[in-house]
Amino acid sequence: MCSIVIVEDEELERQALRTILTAQIEGIRIVGEARTGAEALQLIDHCDIDLMLVDINIPKLNGLEVIRYLRRSHPDTKVIITTAYDDFEMTRTAIHLKADEYLLKPIRTEILVATVQSCIQQLGAGRRSRQVVHRIDDLLEQDAYREAIALVRQHTEWIYTQRECPPRELIVDFAAALTKLAQEKGLHIPDRLAEQVAQLPTAKLDDRDRQQVLSTVMGLADLLFDGASERFGYSSDTVQKVLNYIERNLSKGVTLEEVAEYANISSCYLSRLFKKTLNINFVTYLTNRRIALAKEMLTGTELPITNIALGLSYNGINYFCKSFKKEVGLSPSEYRQQFRPEQGAMLPQ
């Protein structure tokens, strides 16, 4: 249920908005109406608001002042500004206050309905991102790095499948939520990572830059776990460090020598350590993890098989298909056809 507040000083227009929304959009509830800015502030203080429609030209604090007050305690509330004036400075201020839409009066019914529906859809996707971040916070307490990284990867791929909500906005919101969690834990965002996050609003989201976007959000997850390890004394033995490094670099052509250098041990010692601790050699472990990730991507995303192969650093799709069939007994396309679930994504638990 989406909770909506209408801020409009004209009685007839307020009634019209209420009638149109309740008659044509399911799953909403008008939790309050305000005629003045002062009344709107009272609603902000006492209501849980998902979406606010606010007229700029209202008495006793104008609409922009209401939005400014709203943002202090409700940063995620969607805001649709309604006004009879097409004013550049007003529009610029509205953008600065993170208003989601700006509608000029008289507003056509179909435009109003479509705009509100779009905001509601974005709310749902944004809530999912926040749920994922809450889950990652729980996984921090369990030192469950692999599960967290898998969740980040799955959620990012899910964002790319969205058609109703702009993926760019969802990526930016997801990164912002991870950044906020890191800041709440007193962690410093490295300059390079902060720069990558800052570039997300203007980054290309096509397949070519998809890996960089994923690398940025995974970098935020890495920061959280690195910080947790330092502050709370979580597992830091050599094998766990190595496994975490492999997990975050599965999409790259990681080698035994590279991992050994990261762990500050010899490649021979690392090879023996793998065999002794995990009863499996390094290459087999790496292959198993890449195949497991390929399975997830085949069943959980719409990525072309070629993109999956390139994203996992296989030298060509033919080599990937051959390796996959050798391990699984099915070709990638056969596996996708047989095991892909019905459409409709579920939040990873």
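The values are calculated or read from the model by the stated rules, or taken from the named source; none is laboratory data. The structure displayed is predicted, hence computed values, not measured ones. FYI the Cβ positions are ideal-geometry reconstructions off the backbone, even for glycines, and counts take in every protein chain you see. Accessible surface areas use protein heavy atoms only, side chains included; no ligands, DNA or RNA. Shrake-Rupley method; radii C 1.70, N 1.55, O 1.52, S 1.80 Å.
Of all residues in the range 1-16, those that are open to solvent by less than 20 Å² (accessible area, probe 1.4 Å) have Cβ atoms under 6 Å from Cβ atoms of residues that are part of a helix (DSSP H, G or I) and not polar (S, T, N, Q), 6 or more apart or on another chain, in Cys2/Ile120; Val5/Leu43; Ile6/Arg14; Ile6/Leu17; Val7/Ala40; Glu8/Arg14. If you go through the range 61-82 and pick out every residue that is surrounded by 15 or more Cβ atoms within 10 Å (Cβ to Cβ) and either among the hydrophobic types (A, V, I, L, M, F, W, C) or without any contact (Cβ under 8 Å) to a residue 40 or more places away in the chain (or both), you end up with 14.
Of the residues making up the range 309-318, at least one is over 24 Å from the mean Cα position of the chain (by Cα), within 30 Å of Ile171 (Cα to Cα) and in a helix (DSSP H, G or I). Remark: Leu250 falls outside the filter, which requires a residue to be open to solvent by less than 10 Å² (accessible area, probe 1.4 Å) and without any contact (Cβ under 8 Å) to a residue 40 or more places away in the chain.
Scanning the range 270-281 for residues that are farther than 15 Å from Asp237 by Cβ and open to solvent by less than 100 Å² (accessible area, probe 1.4 Å) gives Ser271, Ile280, Asn281.
Take the range 282-291 and flag every residue that is surrounded by 14 or more Cβ atoms within 10 Å (Cβ to Cβ) and either under 26 Å from Trp158 (Cα atoms) or of a type in the set (Lys, Arg) (or both).
As a first pass, look at the range 282-291 and keep what is surrounded by 14 or more Cβ atoms within 10 Å (Cβ to Cβ): 282, 285-287, 289-291.
Across the range 282-291, the qualifying residues are Leu286, Thr287, Arg289, Arg290, Ile291.
Pull up the range 299-308, narrow it to residues that are surrounded by fewer than 16 Cβ atoms within 10 Å (Cβ to Cβ) and under 21 Å from the mean Cα position of the chain (by Cα), then point me to the one that is farthest from Arg163 (Cα to Cα). Within the range 299-308, the match that is farthest from Arg163 (Cα to Cα) is Thr299. Val116 passes every criterion in (1) modelled with pLDDT of 85 or more; (2) open to solvent by 10 Å² or more (accessible area, probe 1.4 Å) apart from (2).
Here the range 309-334 is the region considered, the condition is being of a type in the set (Ser, Thr, Tyr) and open to solvent by 30 Å² or more (accessible area, probe 1.4 Å), and the residue that is modelled with the lowest pLDDT is Ser313. A search for C-beta distances below 6 Å between a residue of the range 255-269 that is at pLDDT 90 or above and open to solvent by 60 Å² or more (accessible area, probe 1.4 Å) and any residue that is among the aromatic types (Phe, Trp, Tyr) and part of a loop (DSSP other than H, G, I, E, B), counting only pairs 6+ apart in sequence or on different chains, returns nothing. Of the residues that make up the range 135-157, is at least one open to solvent by 10 Å² or more (accessible area, probe 1.4 Å) and aromatic (Phe, Trp, Tyr)? No, because not a single residue in the range 135-157 is open to solvent by 10 Å² or more (accessible area, probe 1.4 Å) and aromatic (Phe, Trp, Tyr). At least 1 residues being modelled with pLDDT under 80 and open to solvent by less than 30 Å² (accessible area, probe 1.4 Å) is the threshold, and among the helices (runs of 4 or more DSSP H) wholly inside the range 159-234 those reaching it are 207-232.
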